[in-house]
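The values are calculated or read from the model by the stated rules, or taken from the named source; none is laboratory data. As the structure is a computational prediction, the values presented were derived from the model and not from experiment. Quick reminder, even Gly has a Cβ in these numbers, built from the backbone with ideal geometry, and neighbours come from all protein chains shown. What goes into the accessible areas is simple: the full protein's heavy atoms, side chains included, and nothing from ligands, DNA or RNA. Shrake-Rupley method; radii C 1.70, N 1.55, O 1.52, S 1.80 Å.
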Amino acid sequence: MSEPTILHQKINLPYRYTAGEFHKAFLHGLADRRIVGSRCPACLMVAVPARPFCPECSAHSGETMDMKPQGTLETWSTVTIQGVTRTYGLIRIRGADTVMLHIVDAEPSGLQAGMELVPRWSPDPVPEITAIAAFLPA
Amino acid sequence: MGRTAAIVAVGQTDHVARRLDVSIPEMVREAVDRCLGSKDLNPGQVDAVVVGNMELFEGINFPELWMASAIGAAGKPLFKLNNGGTVGASVAVAAAHLVASGLYDVVLGIAYEKQSEGETQSAITTVGDPAWERSVMAGAIGNFGVMASTYVAESGVTAEQAAKVAVKARRNACLNPHAHLKRPDITVEEVLASRMLAAPLRLLDMCPSSDGACAVVMATPDRAREMTPRPAWVVATETAHDTQFMGDSPKRLARMRSLIAASDSVYSKAGIVDPRAELDVAEIYEPASYAELAMYESLRFCDWGEGGALIDDGVTLMDGELPVNPSGGVLSTNPVGATALIRVAEAALQVMGEAGDHQIPGVETALATGYGGNAWSEAVIVKGSAP
């Protein structure tokens with residue numbers, strides 16, 4: 001078979017995303033070192049991060065609420081990519097009915113389901129999820 | 001189709017250039033709430049959901065997953081479509097088929113686009129073949145320019161005739177609370193003096209870029225009659241595609257064979273012999289002023305080459321024999337993924353007698369079309385009486 005002809009091209013696909021009221025409240029809360037959730041007025045489910053619609057019953061969320069900046073580790077996995085090892089955990093913020101994904105900065109061998117975690121804030125938090133650099137054992 | 005399906009409720013956002021107050025799921029929810037709310041329906045009555053848009057436009061993969069909680073779809077059958085500009089009409093056709101097949105009794109169809117959040121022309125360029133066209137094409141408007149110049153050569157249509165379409169659209173839009181471009185004082189001279197984008201297309205010959213969403217509820221005959229006194233019965237649907245390369249069918253805009261195929265099919269299914277006489281209104285997907293005139297011909301509203309004369313004679317004006325796009329059409333409102341569903345929704349509103357200030361009196365039969373990528377066409381006929 002002769003050499004295949006392969007075209008090497010690239011698509012530039014910039015995009016913007018309007019966060020909306022509830023995600024904005026969550027992101028700006030992070031910049032203030034607060035964790036913001038929302039409560040469903042219909043089924044009372046508490047979701048963190050705050051969101052406009054209940055993940056359980058799809059009702060419009062009511063008000064946002066400030067959560068205690070601590071949580072528990074539900075489950076985790078440790079991944080090594082190109083020599084960099086990171087542990088990703090699903091963390092239940094205290095009082096929340098949902099869990100959120102973030103980085104857990106701890107030796108994997110010391111992790112236990114249900115252990116208490118607290119956020120390590122980045123030194124100069126901006127309204128992005130990375131305002132929390134990682135969660136650490138309390 | 002086996003059973004018949006009927007549109008019972010329609011909802012739209014107020015389409016604008018930029019919705020900075022809402023996220024995509026929030027914008028879509030607005031259309032869904034308006035749709036269900038218009039007939040006091042609730043999400044619990046919906047058996048399945050069909051959603052469509054142009055995924056590459058906003059750079060979101062799995063858009064239906066992002067908005068599942070917004071549209072009440074979690075735990076329900078949720079079908080995603082993604083087939084270019086036609087997608088909105090495909091959502092309506094798919095929803096009608098899901099009901100008519102007997103699989104579901106009540107189906108919610110949703111289509112949307114938040115064009116302000118992406119780079120439409122970059123995304124559209126991926127339509128082009130990587131070996132032959134992608135590196136040398138000029139986005140959608142360049143394509144439309146080539147199509148329009150072909151049509152001018154074929155039909156002798158003039159820039160003034162095209163400008164009359166542009167004026168009609170923006171004036172009609174003033175009667176539609178959801179329309180984006182409303183220009184009550186627009187004139188043919190203003191269109192002809194607007195900036196040339198891709199000859200012969202000037203700025204005001206082209207559709208805008210909008211943020212918006214549209215939703216419809218499709219139901220079985222029994223459920224439809226429970227939900228509204230005068231549903232819009234979906235009596236015929238068709239979809240037709242063409243081949244990839246622009247150069248393989250150079251007269252695509254002048255004589256768009258997929259539109260001819262789709263419209264001939266729905267006319268035949270609906271028993272329509274003379275569409276100009278038998279249709280009461282049409283909501284067609286006209287991406288540019290020239291395209292509307294060309295589509296008059298493919299849709300058999302007139303003979304070949306007579307598209308320009310139809311607008312000169314006022315046949316397609318609001319008070320004409322066959323009003324085309326009383327909503328203001330695509331030239332006034334274009335959230336791409338939603339655009340073709342808006343055509344079907346507007347046709348349904350006309351049949352249901354719910355079109356408000358842009359209602360055409362006594363509409364019994366309406367045509368809606370969808371268009372995508374210079375190739376794909378869909379056609380839907382809705383009627384006020386059950387078949």
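For a straight C-alpha distance cut-off of 25 angstrom, the lysines reachable from residue B:251 (same-chain residues fewer than eight places away being disregarded) are B:164. Per-residue accessible area (protein heavy atoms, 1.4 Å probe) orders B:122, B:249, A:109 as A:109, B:122, B:249, starting from the largest. The solvent-accessible area of residue A:13, taken with every protein chain present and a 1.4 Å probe, is close to 50 Å². Around the amide H of residue B:51, modelled in the peptide plane, lie the amide H atoms of B:79, B:80, B:81, B:110, all under 5 Å away and 5 or more residues distant in sequence or on another chain. Rounded to the nearest 20 debye, the dipole magnitude of the stretch A:20-137 is 40 debye, with +1 charges on Lys and Arg beta carbons, -1 on Asp and Glu beta carbons, and the Cα centre as origin. Label separation (residue B:3 vs residue B:45): 1.5 nm, computed from points 7 Å beyond Cα along the C-beta direction.
Shown is the FRET efficiency for residue A:94 and residue B:222, computed with R0 = 45 Å from the Cβ-Cβ distance and rounded to the nearest 0.05: 0.35. Straight Cα distances below 24 angstrom link residue B:383 to the lysines B:39, B:269, with same-chain residues fewer than 8 positions distant left out. Enter the Cα centre distance for the pair the stretch B:274-288 and the stretch B:359-373, rounded to the nearest angstrom. Each part's Cα centre sits 6 Å from the other's. With the whole protein complex present, residue B:252 retains an accessible surface near 10 Å², based on a 1.4 Å probe. Near residue B:76, which aspartates and glutamates are there with a Cα under 19 Å away, not counting those fewer than 8 places off in the same chain? Result set, ordered by chain and number: A:56, B:33, B:47, B:64, B:105. The charge dipole of the protein assembly as shown, taken about its Cα centre with unit charges on the Cβ atoms of Lys, Arg (+1), Asp and Glu (-1) only, comes to about 940 debye.
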